[in-house]
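Asker: Mind looking over this structure? Questions follow.
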Amino acid sequence: MGVTVQTSEINHSEVSSNNSAPENRKNGIGESIADAVINLDHGDPTMFEAYWEKMRERSAVTLLGSQSLSYFSDPKNLCWFLEPKLEQEIKRLHTIVGNVAIEEGQYYIVVGTGSSQLIQAALYALSPPDAAATVVCAAPYYSAYPEVTDLVRSRRFEWGGDARSFERDDEPFIELVTTPNNPDGVIREAVVNRPHGSVVYDLAYYWPHFTPITAPANHHLMLFTFSKCTGHAGSRIGWALVKDKEVAKKMIKFMEVSTIGVSKDSQLRAAKILGTVSDSCSTGADIENFFVFSRNILKERWNRLREVVKAADLFTLLKYPTQYCRFAKDMTDTVPAFAWIATKGEEDCAEVLKKHKILGRGGTKFGVGKQFARISLVSKDEEFNLLLQRLSIIQGTDDLNYE
Ligand SMILES: Cc1ncc(COP(=O)(O)O)c(C=O)c1O
């Protein structure tokens, strides 16, 4: 049973201090599972391990000692550190899934060390040279945005909080739109809609295992992450699709100065994994469709979670609409990577959970009240099963059998 025992306090970055150093971690072996703290504070996508275990050989990458010596991947490409194979597989997967209008060839691809680095690059590229841009996002917003924006106290941009409160017509702004949204899974659009601004679409979760693909996205600047698409958060790969060449150039400059490009080893691995996902989606594929496999797990988890929450009267969960998915060619519903739960009264939701040894992330980190909390649903089965058991105990419904 790989349940992580945690003792440290909740922090607000995606990989928080709850993700303590390995020497401080215990895995529950030799101690009562009843005592283990389950850490669902960050969205560590270990759920996907079950699929990749099955694809062990098929997705393996061999890197020779003679590879990756040069800083350069493709000097002819605007993004000179982007591996051609990764570019090819990114385009192939978007075309198969239909989540981006990429076939029109209107985007520059900029690769980053996770989309976290690309968020910083986008803020740098979009902020005006002579005035600080206010960075906003409608609450509840991804808890890392304020931290990423204000970490180095740049003179080019600063965090301004909830986008719905931004009302200054004459001031430059950058709106971050996460759709489906982290933490609550809701489909979103820009809310500011004023002059002097730019919008960055963070589409980390716009993949068919999480949500129906209703139309190909074609925004000016879109961010994707390998972490949530396939579950390989540890490879640290993300990509931006950018329409404006000057913006792309500035983002590339940011990457050049901060890390002189992006690990070629990780890019080659990402290319192999994305290629395996595309292969799995092809008609007549001899391997299980990655998105169908992952969606089925999430769907089942959501059904079970809803059953537990419904059985008592303490928490609420959001409901999501069913829509036609172009990829599934069927009606599907959103099954987010996180559960955004709320206490029915005014209690501090994260504290209620913590008393029962469940670490979630409290609503204040997302710019809303403490009656909300986010819990990851993309952990391993053992942790998810324990979560249901704990929730049942809180709600007094532990006669249900969740094994
Ligand atoms: C909405 C959103 N954007 C960006 C990221 C960062 O992803 P990466 O692992 O690529 O840095 C996350 C991670 O949880 C996320 O939820």
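Asker: Quick one: work out Rg over Rh on the C-alpha atoms of the range 153-302, Rh as Kirkwood radius. Walk me through the intermediate numbers first.
Answerer: Working: Rg = 17.8 Å, Rh = 17.8 Å.
Result: Rg/Rh = 1.00.
Asker: Let me ask something additional. With angles folded into 0 to 90 degrees, how steeply does helix 290-310 sit against the dominant principal axis of the chain? Use alpha carbons for both and round to 10.
Answerer: 40 degrees
Asker: Pick from 36, 240, 339 the residue whose mean-square fluctuation is largest in a GNM of the chain, springs joining Cα atoms under 10 Å.
Answerer: 36
Asker: Taking H placed 1.01 Å from N in the peptide plane, check which residues at least 5 places from residue 133 or on another chain put their amide H under 5 Å from its amide H.
Answerer: 157, 158
Asker: Please list, in order along the range 228-236, the HN-Hα scalar couplings obtained from phi with the Karplus expression 6.51 cos²θ - 1.76 cosθ + 1.60 (θ = phi - 60°), rounded to whole Hz, x for Gly and Pro.
Answerer: Using θ = phi - 60°, the values come out as 9, 6, 10, x, 8, 5, x, 7, 6 Hz.
Asker: For helix 84-97, what angle does its Cα long axis make with the longest principal axis of the chain, in degrees from 0 to 90 and rounded to 10?
Answerer: Around 60 degrees separate the two axes.
Asker: Of the cross-linked pairs 299/380; 91/253; 228/380, which ones have a Cα-Cα span greater than 18 Å in the structure shown? The partial results should precede the final answer.
Answerer: Numbers: 299/380 15 Å; 91/253 23 Å; 228/380 15 Å.
Among 299/380; 91/253; 228/380, the Cα-Cα distance tops 18 Å for 91/253.
Asker: With each run of n ≥ 4 DSSP H residues scored as -39500 (n - 2.57), what mean residue ellipticity at 222 nm is computed for the chain after dividing by its residue count and rounding to the nearest 500 deg cm²/dmol? Can you show the working numbers first?
Answerer: Details: 10 runs with 120 residues, N = 403.
The helix-only estimate for the chain comes to -9000 deg cm²/dmol at 222 nm.
Asker: Here's something else I'd like to know. Principal axis lengths of the chain from Cα atoms, whole Å, largest first?
Answerer: 63, 54, 46
Asker: Between 0 and 90 degrees, rounded to the nearest ten: what's the tilt of helix 245-259 against the longest Cα principal axis of the chain?
Answerer: 70 degrees
Asker: Next question. Restricting to bridges with both residues inside the chain, how much of the DSSP beta-bridge set is antiparallel, in percent to the nearest 5? All intermediate terms of the calculation are to be shown ahead of the outcome.
Answerer: Values: 25 of 44 bridges.
Percent antiparallel among DSSP bridges in the chain is about 55.
Asker: Can you send over the carbon and sulfur percentage of the accessible area for the chain, probe radius 1.4 Å, protein chains only?
Answerer: On the way: 8930 of 17900 Å².
Accessible surface attributable to carbon and sulfur in the chain totals 50 percent.
Asker: Still on this structure, I have one more. Take every Cα pair under 8 Å in the range 84-281 that's 6+ residues apart, average their separations, divide by the length, and report that relative contact order as a whole percent.
Answerer: On the way: 378 pairs, mean separation 59.1, N = 198.
So the answer I get is 30 percent.
Asker: How big is the dipole moment of the chain about its Cα centre under a simple scheme where the beta carbon of each Lys and Arg is +1, that of each Asp and Glu is -1, and everything else is neutral? Debye, nearest 20, please.
Answerer: Working: 45 positive and 51 negative charges, 120 e Å.
It comes to approximately 580 debye.
Asker: Would you mind checking which residues have amide H under 5 Å from residue 237's amide H? H placed 1.01 Å from N; only 5 or more apart, or other chain.
Answerer: Amide H to amide H, under 5 Å and 5 or more residues apart or across chains, residue 237 pairs with 114, 226, 227.
Asker: Here is a further query. Rank by packing, highest mean first: peptides 177-183, 68-74, 230-236, with packing defined as the count of other Cβ atoms within 10 Å averaged across residues. Each step should come with its number before you reach the end.
Answerer: Numbers: 177-183: 23.6, 68-74: 12.7, 230-236: 20.3.
In descending order of packing, they fall as 177-183, 230-236, 68-74.
Asker: Cut-off 10 angstrom, C-alpha nodes, Gaussian network model of the chain. Which of 348, 130, 44 fluctuates the most?
Answerer: Most flexible of the set in this elastic network: 130.
Asker: For the range 84-281, with every protein chain kept in place, what is the accessible area per residue (1.4 Å probe, Å²)? Working shown, then result.
Answerer: On the way: 7360 Å² over 198 residues.
I get 37 Å² per residue for this part.
Asker: Compute the separation of the alpha-carbon centres of the range 62-116 and the range 232-265 and state it in Å as a whole number.
Answerer: 10 Å
Asker: List the relative contact order of the chain as a percent without decimals, with contacts defined as Cα pairs under 8 Å and 6+ residues apart. Walk me through the numbers on the way to the answer.
Answerer: Values: 809 pairs, mean separation 86.0, N = 403.
Averaging sequence separation for qualifying contacts and normalising by length gives 21 percent for the chain.
Asker: Considering the chain as a Gaussian network with a 10 Å cut-off on Cα pairs, which listed residue, 289, 99, 303, attains the greatest mean-square fluctuation?
Answerer: Largest GNM mean-square fluctuation: 303.
Asker: Suppose every Lys and Arg Cβ carries +1 and every Asp and Glu Cβ carries -1, with no other charges. What dipole size does the range 84-281 come out with about its Cα centre, to the nearest 20 debye?
Answerer: Values: 20 positive and 22 negative charges, 136 e Å.
The calculation lands at about 660 debye.
Asker: Computed from the mean reciprocal separation of all distinct C-alpha pairs, what Kirkwood hydrodynamic radius does the range 24-175 have, in Å?
Answerer: Numbers: mean 1/r = 0.0497 Å⁻¹.
Result for the range 24-175 stands at 20.1 Å.
The values are calculated or read from the model by the stated rules, or taken from the named source; none is laboratory data. This structure is a prediction, so every number in the text was calculated from the model and none was measured. FYI the Cβ positions are ideal-geometry reconstructions off the backbone, even for glycines, and counts take in every protein chain you see. When the accessible area is computed, the model is the full protein with side chains, heavy atoms only, and any ligands, DNA or RNA have been set aside. Shrake-Rupley method; radii C 1.70, N 1.55, O 1.52, S 1.80 Å.
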